[in-house]
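Remarks on the structure that follows.
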Amino acid sequence: MKGTELCAPAADLEEIDRIIDRYRDEKGSLIQVLLTIQAEHHWLPREVLSRVAERLSVPLTRVLHLATFATAFSRIPRGRPEVHVCTGTACHVRGAPRVLSTIEELTGIQPGETDLDLRYSLETVNCLGCCALGPVVEIDGKIHGKVSIAKTEDVLKSCE
């Protein structure tokens, strides 16, 4: 599921409205609204972006620009969990390429992809700021350090 937006399951627009209302009176709330929706729903379907534009009185083109420009946002469904493998220098020299390769084998996906069951999304990142713990895998905000090939499967299972 790479590169194309799928049809959204019926979005709970009442929940989206609650998120918008939470930040509505804050100047420049658009980014925070989108970040909160992304965190809770793992992607930004077009119908949700239209609702945000309408409720915040922001042109839809601006909302779409932000949602497609910023890498924090996804316009396609993301797996739960999202797996990030650090490929920065310290992690690289400590075996991150082998850990990444093992994750690819276990999940059947490459970086930038989500499996068809929405079980995993896989991304590489340049640095997670945990260089002494390398190689590092971050899964939905939880850092797993000193990940070896042998520990990779257990790390993935711990998030299911």
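Helix 96-107 axis versus longest C-alpha principal axis of the chain: approximately 70°, rounded to the nearest ten. So what's the angle, to the nearest 10 degrees on a 0 to 90 scale, between helix 13-23 and the longest Cα principal axis of the chain? In the chain, helix 13-23 runs at an angle near 90 degrees to the longest axis.
Model label points for L60 and E14, set 7 angstrom from Cα along the Cα-to-Cβ axis, are 2.5 nm apart.
Please work out which option in (i) 1.15; (ii) 0.95; (iii) 1.25 gives Cα Rg over 2.2 N^0.38 Å calculated from these coordinates, and answer with its label. The calculated read-out lines up with (i). Seen against the Cα atoms of the chain and their longest principal axis, helix 46-56 is set at about 50 degrees.
Assuming R0 = 30 Å, what is the FRET efficiency of I143 and K27, from their Cβ-Cβ distance, to the nearest 0.05?
After rounding, the FRET efficiency stands at 0.35.
A DSSP coil position with no more than 11 other Cβ atoms inside 10 Å describes the following trypsin sites (Lys or Arg not before Pro) in the stretch 26-117: K27. Rounded to the nearest 500, the helix-only mean residue ellipticity at 222 nm of the chain stands at -13000 deg cm²/dmol, with each DSSP H run of n ≥ 4 adding -39,500 (n - 2.57). Amide H to amide H distances under 5 Å link V83 with S121, L122, E123, where only residues 5 or more positions off or on other chains count and H is placed in the peptide plane.
Laboratory data are not the source of any read-out in this text; all were calculated from the coordinates shown. Since the structure is predicted, the reported quantities are computational estimates derived from the model, not experimental observations. All Cβ positions, glycine included, derive from the backbone under ideal geometry; neighbour counts span all protein chains shown.
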